Structure formats: structure tokens, C-alpha cells
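Notes follow once the structure below has been shown.
The values are calculated or read from the model by the stated rules, or taken from the named source; none is laboratory data. What you are looking at is a predicted structure, and each value in this text was computed from that prediction instead of being measured. For neighbour counting, all protein chains shown are included, and Cβ atoms are generated from backbone atoms with ideal geometry for every residue, glycine included. For accessibility, only protein heavy atoms count, side chains too; no ligands or nucleic acids. Shrake-Rupley method; radii C 1.70, N 1.55, O 1.52, S 1.80 Å.
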Amino acid sequence: MSRFAEHCGIHDAARRRALDHTAQQIAASGVELVRFAWCDLHGNLRGKTLTAGAAVKAMQDGVGLVSTLLLKDSSDRTAFKVFEAGGTAELPGFEFASNLLLLADPASFKQLPWAPATGWVQGQTWMQDGTAVELDTRRILQRALARLAQAGYGMKCGLEIEFHIYKITNDSTDDQLDPEQAAWPGLPPKVAMIHPGYNLLSENLFDMAEEPLRIVQRTAQALGLPLHSLEIELGPSQVEAVFDATDALTAADNMVLFRSAVKQALRRAGYHATFMCRPPFPNIMSSGWHLHQSLVDLQTGANLFQRQTPAAGTQPTDAQYTLSALGEHYLAGLLEHARGMAVFCTPTINGFGRFRPNALAPQAVLWGRDNRGAMLRVVGQCQDAATRIENRIGEPAANPYLYLASQIHAGLDGITRELKAPQATDAPYGEAGTKIPTNLGEALDALQADSVLVEAFGPSFINYLTRIKQAEITRHAQAADQDDWQRREYFSRI
């Protein structure tokens with residue numbers, strides 16, 4: 001009888017070698033538990049923890065997961081009526097909270113530096129008949145990258161992630177774990193700041209915040225993540241982590257693992273990390289996730305956005321003064337589909353509060369040369385192998401697989417249609433340019449109106465995403481205290 005991984009058609013020679021190597025690592029390292037992790041629609045890791053003795057077998061036969069994990073809104077409520085007739089008619093295989101199987105990639109095995117004798121593997125979901133779960137967001141990025149590869153391109157991404165770290169106050173844990181105060185969602189932690197802010201890149205503030213930042217550094221490096229720098233951001237208790245560029249799938253995997261890892265490692269040391277865009281305090285600064293991206297030749301690895309000299313007759317405000325023709329088409333595709341992609345880049349109600357004038361966050365669908373007020377910032381110059389486009393619309397809570405997939409589909413449309421970019425802006429907060437959606441509902445409407453993105457992601461996925469995000473919008477609208485709702489919904493979860 002074949003193992004489930006073989007039935008799914010993925011247990012090739014390379015996977016068998018990786019499984020043998022991981023089995024040896026588990027046996028030699030004294031690992032007692034192995035976490036089988038999977039990324040949900042909201043970019044959060046879920047999964048099951050197995051004993052070391054069961055882990056290797058489970059990498060061949062799968063781990064059962066309740067299918068409603070894919071149907072949860074941001075509060076962990078199931079957005080589909082799985083026990084009612086027709087409640088999941090558009091999602092066959094999800095009725096009655098049926099089982100899915102999680103198959104982990106043995107090559108992803110790591111030991112967690114903050115959890116003694118604990119290993120970790122990353123998995124994807126499968127139907128019981130061995131077919132892939134098409135709603136799995138990592139699979140959505142894989143499909144987008146396969147489409148990109150058919151054209152001969154790969155994608156390279158660098159991550160700049162702003163987030164907040166706070167010190168958990170002494171009485172906070174007692175309140176959070178008090179059964180008399182249990183609620184759904186539960187209480188957010190009570191916190192104090194790690195630095196007072198409003199002193200960008202201050203060495204003194206870095207020194208004040210060094211203890212938690214050292215935890216971030218050591219955790220990221222112990223996991224093999226390509227951390228480049230840690231910085232003090234402008235806002236109170238706000239920091240930034242910058243990572244070296246990698247291929248797109250690795251970058252997305254790294255983002256998911258980084259967020260989960262630093263939250264856990266910092267919590268054990270008495271700190272709270274949040275990737276919520278605007279934490280629920282006065283005078284706070286919004287956090288963004290700035291995604292640097294370029295296309296590369298799959299055969300040579302050459303940067304396809306780079307050009308040697310400005311195109312004939314161009315001026316600095318022309319795209320091809322800096323970018324190749326392919327780069328201009330890709331840039332124009334991102335602009336063309338900016339409103340439609342917004343919900344993938346900024347998927348929370350809270351995140352839309354970031355788009356304010358002169359806040360180093362975009363307001364309009366514009367691009368600029370090294371302009372941090374524009375939505376798209378073209379970085380580099382002729383003969384610069386690091387020439388790239390930085391998309392500044394994202395928030396750090398975004399699901400990275402969906403964020404990156406939206407860039408690919410938009411950029412490819414620009415390339416296919418050979419779209420031309422407008423002139424670069426020198427007034428990103430002026431009146432020019434179509435406005436970015438101002439709330440989550442408007443962003444969902446813009447996505448549904450974008451036929452190219454709907455077709456690329458698939459109408460069934462867009463309907464599924466819309467239903468879950470509409471549940472989030474409805475609960476927010478019905479909340480008696482919407483500020484408290486956001487504290488409970490986002491601050492303690494994201």
C-alpha cells in the first residue's frame with residue numbers, strides 16, 4: 001500500500017533523501033516534539049505538534065486537520081455554515097467540518113531556538129483523495145510563480161518589515177488567563193513601550209531597546225533567515241527588520257516564519273510583538289511592509305529590470321530612464337491593478353488607517369524615482385544590478401503568499417499588454433492619481449471589478465476570500481466599541 005505522499009505524487013527521490021536526512025537529524029538532536037505548521041488565509045501559522053516518534057511517519061502519511069481552519073475569519077469564527085445543507089456548496093469537500101491532510105516538507109525541518117527539544121516543519125494541505133487544496137495560499141503563490149516561469153522569469157524579493165515591540169506589564173498575564181474575563185476574542189495584553197519614539201534611527205533608542213532586538217536577531221539568525229539589519233523606526237516602540245533578497249517563495253516562507261517566531265521568542269522573555277498596522281494607542285505611527293521586487297532571467301539569474309544606459313530621448317521622470325522596457329511594463333501593470341490588489345497588500349480594517357498625507361505611506365496610484373511618498377518607488381540607476389521596484393502599499397499583517405502573487409499577476413499583465421507607465425510623480429500627496437481604496441470594503445469591491453486579477457486568482461478563490469473578509473467587516477460594524485474590537489481582533493493576534 002502506497003503512502004499518502006506517494007498518492008499525492010510528491011514523494012520523489014529528492015523528497016525521500018530529505019526525509020531520510022530529517023529523520024537522522026531528529027534522532028541525533030534529542031528533539032522530542034515536532035510542530036507541523038501551516039499558513040492560513042490571514043498569514044498566521046497553525047498546525048499540530050507530534051512526538052518525535054510519530055513525526056517521520058506523518059511526513060509520509062499526513063496529519064489530519066479540520067477543514068474549517070481554511071474557513072475562519074480573523075476572529076477564528078467559521079464564516080461558512082458547514083453543518084447546514086448547501087452551506088459550503090461552492091466549496092466541495094469542506095462540508096461538515098470534514099478532514100484535510102497536512103503534508104509537511106521534510107526539507108523545511110528546523111530546530112526552534114526558543115523552545116527546548118522542539119523541531120518544526122512547514123506543510124501544505126491536501127484533500128483526502130490526494131488532490132491539492134486549491135485554497136491553500138502558498139499553493140496560490142506557487143501557481144503564480146509557475147506562470148511566471150513559463151515566460152522565462154523568476155522573481156526576487158527583499159523584505160522591509162516595520163512592527164512594534166512592547167514590554168508586557170506584570171499584571172497583564174494574570175488578566176489574560178483569568179477565566180472570569182475569558183471572551184472571544186480574549187483580552188489583549190497590557191504593555192509598556194521599549195522606546196519613546198520620534199527620534200528616527202537614534203543610537204540611544206536602539207541601546208534602550210537592545211534587549212528585545214537581540215532576541216529578534218538571535219531568533220532570526222538561528223532559524224537561518226537572511227536578516228540584514230534591525231532599526232529604530234520613528235514611532236513609539238516601533239522597529240524595522242530588513243532582509244536580504246531571495247527568490248519569491250523563500251521570501252514569503254521567511255516572512256511567515258519570522259512573524260511567528262519573534263512573537264513566540266519575545267513573549268517568553270516578557271515582550272509582545274505585534275504586526276498590527278496601527279496599534280491601539282494615541283500618537284502611534286503606522287507600520288508598513290515595503291516589498292522590493294525584480295524579475296530575473298531563470299537561466300542566467302540576470303536582473304531583467306536593469307538597463308545599461310537611459311533609453312534614447314528619455315528624461316529622469318520617464319520609466320525607461322532607469323528601468324528596462326520589461327521593467328516599465330511590469331511597473332505599469334502594478335499601477336494598472338493597484339486598486340484591485342490592495343486587499344492582498346492591506347487585508348485588515350485597521351491597515352487602511354495608514355494611508356495619510358505626508359506619512360511615508362501612499363495615498364494615490366503613482367510611482368516615483370526614489371520617492372518614499374509614492375506607492376511604487378523605483379530604486380537604482382543604470383548599470384545597477386540591484387535595480388528594483390519597491391511597493392509601499394503593504395501592511396506587515398498581509399499574507400505574504402497572496403501579496404506576492406498579486407504582484408506577479410499584475411506585473412505579467414503589464415508585460416503581456418506592453419503597458420506604458422506615466423511620468424514619475426514629484427507630488428505624491430497632491431491631487432493627481434487615482435486614490436488607493438480607503439477601507440477594506442472598497443478594496444474588496446475594487447478586486448471584484450478587476451477582471452484580470454479575478455481570472456488570475458480564480459473566481460472561486462475571490463468569492464471565498466470576499467466572504468471571509470465581509471464577515472470581518474460585518475462584525476466590526478456591529479461592535480458596540482469598535483476601538484476595543486480592533487484591540488482584541490488584531491493587537492493580541494497579529
Complete set of residues in region 56-102 that are of a type outside the set (A, V, I, L, M, F, W, C), without any contact (Cβ under 8 Å) to a residue 24 or more places away in the chain and surrounded by fewer than 17 Cβ atoms within 10 Å (Cβ to Cβ): Lys57, Lys81, Glu84, Gly86, Gly87, Pro92
Which listed residue is surrounded by 15 or more Cβ atoms within 10 Å (Cβ to Cβ) and either touching a Ser or Thr at 6+ places or on another chain (Cβ under 8 Å) or farther than 30 Å from Ala302 by Cβ (or both), from Thr246, Thr219: Thr219
All positions within region 230-243 that are open to solvent by 30 Å² or more (accessible area, probe 1.4 Å) and among the polar types (S, T, N, Q): none
Residue count for region 294-314, restricted to those that are in contact with a helix residue (DSSP H, G or I) (Cβ under 6 Å, 6 or more places away or on another chain) and either polar (S, T, N, Q) or part of a helix (DSSP H, G or I) (or both): 1
Exclusive hit being farther than 23 Å from Ala332 by Cβ, surrounded by 24 or more Cβ atoms within 10 Å (Cβ to Cβ) and modelled with pLDDT of 95 or more, set Pro459, Pro396: Pro396
Residue ID - farthest from Gln238 (Cα to Cα), chosen from residues in region 188-216 that are among the hydrophobic types (A, V, I, L, M, F, W, C) and open to solvent by 30 Å² or more (accessible area, probe 1.4 Å): Ile215
Pairs where the first residue, in region 110-132, is within 20 Å of Gln221 (Cβ to Cβ) and part of a strand (DSSP E or B) and the second is among the β-branched types (Val, Ile, Thr) and modelled with pLDDT of 95 or more, C-beta under 6 Å, 6+ apart: Gly119/Val31; Gly119/Val34
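A quick yes/no check of all residues on (1) among the hydroxyl-bearing types (Ser, Thr, Tyr); (2) open to solvent by 10 Å² or more (accessible area, probe 1.4 Å):
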residue	(1), (2)
Val378	no, no
Asp384	no, yes
Thr387	yes, no
Leu404	no, no
Gly411	no, no
Ile415	no, yes
Lys420	no, yes
Residue in region 170-187 that is under 30 Å from Ser406 (Cβ atoms), open to solvent by less than 10 Å² (accessible area, probe 1.4 Å) and in contact with a helix residue (DSSP H, G or I) (Cβ under 6 Å, 6 or more places away or on another chain) present: no
Residue within region 29-51 that is at pLDDT 95 or above, more than 21 Å from the chain's Cα centre (by Cα) and in a helix (DSSP H, G or I) present: no
Set Ala477, Ala432, Ala427: member being surrounded by fewer than 17 Cβ atoms within 10 Å (Cβ to Cβ), within 15 Å of Asp73 (Cα to Cα) and modelled with pLDDT under 95: Ala477
Residue match in region 260-269 (condition: in contact (Cβ under 8 Å) with a residue 60 or more places away in the chain, open to solvent by less than 10 Å² (accessible area, probe 1.4 Å), farther than 24 Å from Ser74 by Cβ and not basic (Lys, Arg)): no
Only one of Pro428, Pro362, Pro400, Pro357 that is more than 17 Å from Ser294 (Cα to Cα) and under 24 Å from the mean Cα position of the chain (by Cα): Pro362
Per-region count, region 266-293, residues over 16 Å from the mean Cα position of the chain (by Cα), part of a loop (DSSP other than H, G, I, E, B) and among the hydrophobic types (A, V, I, L, M, F, W, C): 4
Identity of the residue in region 124-154, out of contact with any Phe, Trp or Tyr (no Cβ under 8 Å at 6 or more places or on another chain), among the aliphatic types (A, V, I, L, M) and open to solvent by 10 Å² or more (accessible area, probe 1.4 Å), that ends up farthest from Val379 (Cα to Cα): Met127
Qualifying positions in region 431-473 - without any contact (Cβ under 8 Å) to a residue 24 or more places away in the chain and assigned to a loop (DSSP other than H, G, I, E, B): Glu431
Any hit, region 164-177, residues being modelled with pLDDT of 95 or more and either of a type in the set (Gly, Ala, Ser) or in a loop (DSSP other than H, G, I, E, B) (or both): no
Residue match in region 317-324 (condition: assigned to a helix (DSSP H, G or I) and not small (Gly, Ala, Ser)): yes
